[in-house]
Amino acid sequence: MLRQFSRRSLLLGAGTLRAQTALQGKLTGKVILPGDTDYESARRIFSFNPRTARRPQMILRCSAADDAVRAVRFAREKQLDVAVRSGGHDLLGASICDGLVVDLSPMKGIRMNREDGSIRVEAGVRAAELNAATQAAGLAVPLGCHPAVGVAGLTLGGGLGWLLGKHGATCDNLLGTDIVMADGKMLHASVAENADLFWALRGGGGNFGIVTALEYRLHPVSQVFGGVIAYRTPIDKFLHFYGAFMKDAPAELAIELNMLLNDPPTIIAMVCWSGAAAEAERVLQPLRSFGPPEKDLLDTAAYLHLMDRFPQLGRLLGPPPPPGRKGPPDIYWLGGSLPTDRCGHRTVYGHCTGRAARKFHRHGALHARRGLPRGSGCYRAPAGRRAICLLH
Ligand SMILES: Cc1cc2nc3c(=O)[nH]c(=O)nc-3n(C[C@H](O)[C@H](O)[C@H](O)COP(=O)(O)OP(=O)(O)OC[C@H]3O[C@@H](n4cnc5c(N)ncnc54)[C@H](O)[C@@H]3O)c2cc1C
């Protein structure tokens, strides 16, 4: 693991310029230091968690796999903390640190092989970019639901999205990766080569090394039926209906729920039906007649454009927090199943940022559970508070 050799952070101090010059001379990418004009934008990641506002000593923007190899060797030599970033969408800030950030976002190569139904993608590609490339050929890799998420981080963490039931998680469709290991060696991992490493890369999270390229299996996907449908109804009532509805739903139906705990609560379902078009009406009829819905924006769409529905979701969620407010303290990102805990409270599994977690604690609502990832727990949403839950 990368962090095992890079625990100590070295203050480059006066040697910074020399170190930068020496490294820059060996790279095709770019070294960015504090004070450079693009430093502030380069250190930013997509996160409302204030703990992710770090100031790296150096950001290395890779433009080729060799840059990642040199970055690892440099970090070893200087004993720098290393964070690896692709799409920058880790909400807990795992892709930013105070040492060296290896940023693969400029690596955008995509090569499709129509003959064997596979595609090779460099680590800086985002979901919308991969979808645009594959959909031009009527094909798709099962990805997540958000256009800007990086395919590398998504795949390494599993990857749950619109085609989950039909074609599996993103990591189920991974055929191989190129990866720079902590000793600076480049390996290929697949079922046939370095199989144990490949097993770990499929959902084990990042940081087993720096993944520079990923190969996926493609599936034919063109039109789907879906979009946004919203309700204003008590959450318990909705979940009672929803649990029964999803229990018997076909695998081709995927729904992501967002809940605003205002009074009455707003429940927004983002829907994708990827089964036969003729079946869409029958399958979705219970969902479309429950309530009735406050807004029903479901229709036929090219799979590529399903992600464009996010602005509709944003409008239904309401305006973002006012500028200058430190993080959105009443927004929680949660995911998973909906058991009833020992106290009989409705609960959701998931994870949230430190600030939000503290708030849950204050409400006496956090029940830590073993076996869940760091930052996760079993939560009861505080009554009467505004919150957003994401349930895949
Ligand atoms: C708005 C939003 C929507 C989301 N929607 C979905 C969704 O629909 N489905 C879903 O499954 N998830 C979703 N997620 C979660 C998302 O998949 C993860 O946060 C994912 O890790 C982000 O990947 P990234 O490359 O953008 O992030 P980064 O912040 O760049 O990286 C995330 C993690 O992966 C590691 N990593 C990144 N690239 C590499 C690499 N090349 N080699 C080794 N390690 C690497 C990083 O070090 C970090 O630990 C969403 C997140 C956000 C913020």
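The values are calculated or read from the model by the stated rules, or taken from the named source; none is laboratory data. Source: prediction; values computed, not measured. Here the Cβ positions follow ideal geometry from the backbone for every residue, glycine too, while neighbour counts run over all protein chains shown.
Check the stretch 193-203 and report whether any residue there is farther than 29 Å from A301 by Cα, out of contact with any helix residue (DSSP H, G or I) (no Cβ under 7 Å at 6 or more places or on another chain) and not in a helix (DSSP H, G or I). Within the stretch 193-203, one or more residues are farther than 29 Å from A301 by Cα, out of contact with any helix residue (DSSP H, G or I) (no Cβ under 7 Å at 6 or more places or on another chain) and not in a helix (DSSP H, G or I). From the list L156, L160, the one residue that fits, being under 28 Å from E77 (Cβ atoms), within 9 Å of the ligand (Cβ to nearest atom) and out of contact with any strand residue (DSSP E or B) (no Cβ under 6 Å at 6 or more places or on another chain), is L156.
Scan the stretch 127-153 for residues that are of a type in the set (G, A, S) and more than 9 Å from the ligand (Cβ to nearest atom) and jot them down. Spell out how you get there, then give the answer.
Keep residues of the stretch 127-153 that are of a type in the set (G, A, S), which gives 127-128, 132-133, 136-138, 140, 144, 148, 150, 152-153.
Within the stretch 127-153, A128, A132, A133, A136, A137, G138, A140 qualify.
Condition test on G165, is it in a helix (DSSP H, G or I) and near the ligand (Cβ under 6 Å from one of its atoms)? Criteria not met by G165. Of G124, G109, G99, all but one fail to be touching a residue at least 24 places away in the same chain (Cβ under 8 Å), within 9 Å of the ligand (Cβ to nearest atom) and more than 15 Å from R217 (Cα to Cα); the exception is G124.
In the condition set (1) exposed (fewer than 15 other Cβ atoms within 10 Å of the Cβ); (2) in the same structural domain as P292 (by TED's automatic domain parsing); (3) not in a loop (DSSP other than H, G, I, E, B), Y242 is compliant with all but (1). Take the conditions (1) more than 27 Å from A301 (Cβ to Cβ); (2) in a strand (DSSP E or B); Y216 misses just one of them, which is (1). Name the residues in the stretch 170-181 that are modelled with pLDDT of 95 or more and either of a type in the set (G, A, S) or within 12 Å of the ligand (Cβ to nearest atom) (or both), would you? The answer is G176, T177, D178, I179, V180, M181.
Might you check whether a residue that is at negative phi and more than 16 Å from the ligand (Cβ to nearest atom) occurs anywhere in the stretch 195-204? So that I can check it myself, show each step before the final result.
As a first pass, look at the stretch 195-204 and keep what is at negative phi: 195-202, 204.
Within this subset, residues satisfying the condition of being more than 16 Å from the ligand (Cβ to nearest atom) are 195-196.
Checked the stretch 195-204: at least one residue is at negative phi and more than 16 Å from the ligand (Cβ to nearest atom).
When E115, E129 are screened for being surrounded by fewer than 23 Cβ atoms within 10 Å (Cβ to Cβ), farther than 24 Å from D67 by Cα, out of contact with any Gly (no Cβ under 8 Å at 6 or more places or on another chain) and outside the structural domain of A53 (by TED's automatic domain parsing), only E115 passes. For the stretch 73-96, a residue qualifies if it is more than 8 Å from the ligand (Cβ to nearest atom) and in a strand (DSSP E or B), and exactly one does: V82. As an exercise: evaluate L187 against (1) touching a His at 6+ places or on another chain (Cβ under 7 Å); (2) farther than 30 Å from Y303 by Cα and give the number of the one condition it does not meet. Failed condition: (1). Total residues in the stretch 243-267 satisfying the condition of being in contact with a strand residue (DSSP E or B) (Cβ under 8 Å, 6 or more places away or on another chain) and at pLDDT below 85: the figure is 10.
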